[in-house]
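Undergrad: Have a look at this one.
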Amino acid sequence: MIKVEALHKNFGKLHVLRGIDEHIEQGEVVVIIGPSGSGKSTFLRCLNLLEEPTAGKIWFDGVEITDKNEWKRGGLDAHRRDMGMVFQHFNLFPHMNVLENIVLSPVKVKGVPRAEAEETAKELLEQVGLMDKILAHPAQLSGGQKQRIAIVRALAMRPKVMLFDEPTSALDPEMVGEVLSVMKNLAGQGMTMAVVTHEMRFAREVGSRILFMDEGIIREQGTPEELFGNPQHARTREFLAKVT
Ligand code: ADP
Ligand code: MG
């Protein structure tokens with residue numbers, strides 16, 4: 001589904017991603033862990049080209065999305081639509097109610113008929129248990145509810161891949177579970193996911209593969225059993241000792 005080859009990203013003199021080779025297969029849940037500042041967010045943002053890689057190539061669903069000719073053909077927007085992204089802060093539009101937040105992009109960007117977009121929105125709201133909030137405004141929702149709506153909003157575009165960047169880090173502890181449970185269900189439905197998180201229990205239970213990022217490279221990776229049970233690298237052991 002996604003293939004990354006020799007990916008580098010510089011911000012001026014700061015060399016943040018220092019050569020990443022990686023692939024994500026359809027249906028995989030790849031969990032990315034690692035210290036703050038190691039490049040996890042930059043990596044996710046490069047995957048959907050929110051950041052332009054300094055060097056290297058990325059293929060998505062068979063197409064090289066880092067190819068500038070592909071951009072000229074208008075491919076970039078299409079590929080972005082196929083990758084849903086959920087951030088730490090929910091970025092819901094505050095002046096719109098929940099339904100409007102969800103149907104906006106499908107209708108405006110994808111040209112989905114409004115009635116159909118509303119049907120999809122209702123189905124998804126049902127799945128995350130928030131049908132009763134359909135006409136609420138973001139200010140009337142808890143953090144956990146807002147994040148579940150942000151996930152629904154991304155899913156409403158029917159993406160092929162979902163990228164999550166610390167989706168529970170800004171939440172009060174009692175709301176973390178409801179968001180993780182939505183993500184777990186999504187994984188169970190076969191969604192391809194890349195998830196940056198500090199929730200090690202989620203990583204163990206739901207991750208098909210764990211990547212440990214450190215200083216702009218993937219220092220070590222493996223199944224949850226391998227990475228948590230028998231970490232090979234001293235930096236991995238050091239990190240895990242702090243977070244688990
Ligand atoms: P992580 O998500 O693992 O905490 P980030 O990818 O956010 O790490 O950041 C990696 C490094 O890149 C940090 O040193 C950060 O300050 C720097 N960085 C991230 N985004 C930018 C940017 N837009 N401009 C300059 N430096 C950035
Ligand atoms: Mg980050």
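The values are calculated or read from the model by the stated rules, or taken from the named source; none is laboratory data. A quick note: this is a predicted structure, and the numbers were derived from the prediction, not measured. Cβ atoms come from the backbone with ideal geometry, glycine included; neighbour counts cover every protein chain shown. Just so you know, the surface numbers come from the protein's heavy atoms only, side chains and all, with ligands and any DNA or RNA stripped out. Shrake-Rupley method; radii C 1.70, N 1.55, O 1.52, S 1.80 Å.
Undergrad: Against the definition (touching a helix residue (DSSP H, G or I) at 6+ places or on another chain (Cβ under 8 Å), assigned to a loop (DSSP other than H, G, I, E, B) and over 22 Å from Gln189 (Cα atoms)), how does Val107 come out, yes or no? Spell out the reasoning first.
TA: Details: touching a helix residue (DSSP H, G or I) at 6+ places or on another chain (Cβ under 8 Å): yes; assigned to a loop (DSSP other than H, G, I, E, B): no; over 22 Å from Gln189 (Cα atoms): yes.
For Val107, the condition - touching a helix residue (DSSP H, G or I) at 6+ places or on another chain (Cβ under 8 Å), assigned to a loop (DSSP other than H, G, I, E, B) and over 22 Å from Gln189 (Cα atoms) - is not met.
Undergrad: Also, quick follow-up: Tally the residues that are of a type in the set (Val, Ile, Thr) and either near ligand 1 (Cβ under 10 Å from one of its atoms) or open to solvent by 10 Å² or more (accessible area, probe 1.4 Å) (or both), restricting the search to segment 30-50. Reasoning before the result, please.
TA: Taking segment 30-50 as the starting set, the residues that turn out to be of a type in the set (Val, Ile, Thr) are 30-33, 42.
So of that shortlist, the ones also either near ligand 1 (Cβ under 10 Å from one of its atoms) or open to solvent by 10 Å² or more (accessible area, probe 1.4 Å) (or both) come out as 32-33, 42.
Count: 3.
Undergrad: Checking Trp71 against (1) of a type in the set (A, V, I, L, M, F, W, C); (2) within 16 Å of ligand 2 (Cβ to nearest atom); (3) free of Cβ contacts under 8 Å to residues at least 40 places away in the same chain, only one condition comes out false. Which one?
TA: (2)
Undergrad: Now for a separate question. Pull up segment 159-197, narrow it to residues that are open to solvent by 20 Å² or more (accessible area, probe 1.4 Å) and within 16 Å of ligand 1 (Cβ to nearest atom), then point me to the one that is farthest from Ile33 (Cα to Cα).
TA: The extreme case among them is Ala170.
Undergrad: Return the residue satisfying two criteria in turn: it lies in segment 79-102 and is among the charged types (D, E, K, R) and in a helix (DSSP H, G or I), and of such residues it is nearest to Gln145 (Cα to Cα).
TA: Start the filter on segment 79-102 by keeping residues that are among the charged types (D, E, K, R), which leaves 80-82, 100.
From the residues that got through so far, the ones that are in a helix (DSSP H, G or I) too are 80-81, 100.
On the way: Arg80: 25, Arg81: 23, Glu100: 16 Å.
Selected residue: Glu100.
Undergrad: Conditions first: (1) of a type outside the set (Lys, Arg); (2) within 16 Å of ligand 1 (Cβ to nearest atom); (3) open to solvent by less than 40 Å² (accessible area, probe 1.4 Å); (4) at positive phi. Gly27 passes all but one, so which condition is the exception?
TA: (2)
Undergrad: Do we find that Gly190 is closer than 15 Å to Glu25 by Cα and either out of contact with any His (no Cβ under 9 Å at 6 or more places or on another chain) or within 16 Å of ligand 2 (Cβ to nearest atom) (or both) in this structure?
TA: When the stated conditions are applied, Gly190 passes them.
Undergrad: Of the numbered conditions (1) open to solvent by less than 80 Å² (accessible area, probe 1.4 Å); (2) under 21 Å from Ala139 (Cβ atoms), Glu118 satisfies every one except a single condition; which is it?
TA: Failing condition for Glu118: (2).
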